[in-house]
1. Any idea which of (1) within 14 Å of chain A (Cβ to nearest Cβ); (2) modelled with pLDDT of 95 or more is the one B:Gly148 doesn't satisfy?
2. State which residue is surrounded by the most Cβ atoms within 10 Å (Cβ to Cβ) when the search covers only the stretch B:131-148 and only residues that are out of contact with any strand residue (DSSP E or B) (no Cβ under 7 Å at 6 or more places or on another chain) and under 12 Å from B:Val99 (Cβ atoms).
3. Within the stretch B:190-200, is even one residue of a type in the set (S, T, N, Q), assigned to a strand (DSSP E or B) and either touching a residue at least 60 places away in the same chain (Cβ under 8 Å) or over 25 Å from B:Lys90 (Cα atoms) (or both)?
4. Of the conditions (1) in contact with a Leu (Cβ under 9 Å, 6 or more places away or on another chain); (2) of a type outside the set (Phe, Trp, Tyr); (3) surrounded by 13 or more Cβ atoms within 10 Å (Cβ to Cβ), B:Glu112 clears all except one; give me its number.
5. Could you grab me the full set of residues in the stretch B:88-133 that are under 28 Å from B:Pro146 (Cα atoms), among the β-branched types (Val, Ile, Thr) and in contact with a Ser or Thr (Cβ under 9 Å, 6 or more places away or on another chain)?
6. Please specify each residue of the stretch B:78-99 satisfying the condition of being of a type in the set (Gly, Ala, Ser) and assigned to a loop (DSSP other than H, G, I, E, B).
7. Looking at B:Thr27, B:Thr66, B:Thr49, which is the one that is within 30 Å of B:Ser105 (Cα to Cα) and at pLDDT 90 or above?
Amino acid sequence: MAENAKKGSEDEGGEFADFMADISQEIAQRVESLDAAAAPKVAPEPKKTTPMPRDAGLILEWENLADRMIEDMR
Amino acid sequence: MSVVNYGTREITCKIVYYGPGRSGKTTNLQHIYSQLPEERKGKMVSLATDTDRTLFFDFLPLDLGTISGFATRFQLYTVPGQVYYAATRKLVLQGVDGVVFVADSQKRQLPENIESLQDLHANLADEGFDPRTIPLVMQYNKRDLPAGEISSIEELDETLNFRGVPYFAGSAISGGGVFETLRSIASMVLSRLSAPAAKDA
């Protein structure tokens with residue numbers, strides 16, 4: 001991409017053309033590096049863990065539990 | 001701050017030419033303007049007095065076209081060098097991305113150069129910029145004057161360039177060093193381009 005940036009200024013002459021060529025190249029490189037930095041990183045593979053039973057750790061009776069906690073606090 | 005705006009696909013950078021009165025700031029911009037191809041020539045805004053002293057500031061929008069998919073613009077400003085335009089200088093420095101300090105190489109102008117440099121640092125600090133880190137390039141102008149009237153580059157650099165930033169010998173009236181200076185400051189500014197949250201805008 002950076003190499004292509006020079007093409008745009010080929011038809012312009014003089015000092016400004018040289019300036020454009022250099023600056024275009026720098027901008028192209030800068031944009032490329034910013035794009036690379038902004039690109040979403042590949043998510044790491046999830047860690048393998050010991051399989052757990054489906055209801056392990058689940059509180060099955062929320063309503064009752066909340067009532068009991070309120071009662072305890074009283 | 002110079003920013004790559006992914007939302008509007010724009011890069012805009014503001015560069016200010018600073019220095020004492022009659023050091024050649026406006027002449028730098030006039031030379032750049034004279035070299036622009038017709039299709040890129042916008043309007044250079046220049047407010048001067050009858051004696052060609054910059055009254056308010058000069059403004060030269062430099063539309064570089066679309067580069068890597070981004071509409072790229074450099075906005076070049078000068079400040080009025082005379083001491084009594086302090087408020088204008090502060091105003092022009094707002095949102096600056098890089099500074100070109102145009103020093104007058106004449107020996108008798110050395111105190112004015114020093115005063116202007118101190119004024120630059122004070123104003124940058126007032127505007128919330130760190131004078132030690134903002135992109136800065138020195139141009140020692142008027143190298144075309146007789147050798148007896150001007151300080152050597154080494155003398156000027158030792159006296160003015162305590163940050164050790166890039167410096168260029170200039171003869172803005174004939175265009176000498178003008179684009180080298182611009183290229184250098186542009187490069188420094190571009191190296192600090194950042195992509196803010198506007199990416200998702």
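1. Evaluating B:Gly148 over (1) within 14 Å of chain A (Cβ to nearest Cβ); (2) modelled with pLDDT of 95 or more leaves (1) as the failure.
2. B:Pro131
3. yes
4. Evaluating B:Glu112 over (1) in contact with a Leu (Cβ under 9 Å, 6 or more places away or on another chain); (2) of a type outside the set (Phe, Trp, Tyr); (3) surrounded by 13 or more Cβ atoms within 10 Å (Cβ to Cβ) leaves (1) as the failure.
5. Once the filter is applied, which keeps residues that are under 28 Å from B:Pro146 (Cα atoms), among the β-branched types (Val, Ile, Thr) and in contact with a Ser or Thr (Cβ under 9 Å, 6 or more places away or on another chain), the stretch B:88-133 yields B:Val100, B:Val102, B:Ile114.
6. B:Gly81, B:Gly95
7. Just one listed residue meets the conditions, B:Thr27.
Residue-wise test of (1) touching a Leu at 6+ places or on another chain (Cβ under 7 Å); (2) more than 22 Å from B:Asn5 (Cα to Cα); (3) part of a helix (DSSP H, G or I).
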residue: B:Asp63; (1), (2), (3): no, no, no
residue: B:Leu76; (1), (2), (3): yes, no, no
residue: B:Pro131; (1), (2), (3): yes, yes, no
residue: B:Ile134; (1), (2), (3): yes, no, no
residue: B:Val137; (1), (2), (3): no, yes, no
residue: B:Asp157; (1), (2), (3): no, yes, yes
residue: B:Phe162; (1), (2), (3): no, yes, no
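The values are calculated or read from the model by the stated rules, or taken from the named source; none is laboratory data. Please read these numbers as outputs of a predicted model, since none were measured by experiment. Note: ideal-geometry Cβ built from the backbone for every residue, glycine included; neighbour counts use all protein chains shown.
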